[in-house]
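Colleague: Structure provided below as structure tokens; questions to follow.
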Amino acid sequence: MISFKKKKKDAEVTDSATLESASTTHSETPVTLPKPKPQPDIYTLLLGLSVAALIIATVLLYLNLSGYGPNPLAGIKT
């Protein structure tokens, strides 16, 4: 359960004094560890499948349109 009790002023003063003294005594830069590389999941697989499908569809569209000749609409007047 959440309690809304007020802190004592003395406790706040000692807490802030402790934080100030702790921050001033540590002059070294913090060491940052590299984050681990995330593992591929199902969405990465689906993205790869969709890219492969787009490439296959583009190749098939080119092969289909190449059967009509260089310009199939050249003889049609508008």
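Colleague: Report ³J(HN,Hα) in whole Hz for each residue of segment 53-69, in order, from the Karplus equation J = 6.51 cos²θ - 1.76 cosθ + 1.60 where θ = phi - 60°; Gly and Pro get x.
Modeller: Rounded to whole hertz, the list is 5, 5, 5, 5, 5, 5, 5, 5, 5, 4, 5, 5, 6, 5, x, 7, x.
Colleague: At 0.36 nm per residue, and after removing the present C-alpha to C-alpha distance, how many nm does the segment from residue 66 to residue 50 gain when stretched out fully?
Modeller: 3.3 nm
Values quoted throughout were computed directly from the atomic coordinates according to the rules given, and no laboratory measurement underlies them. Quick caveat: nothing in here was measured; it's all calculated off a predicted structure.
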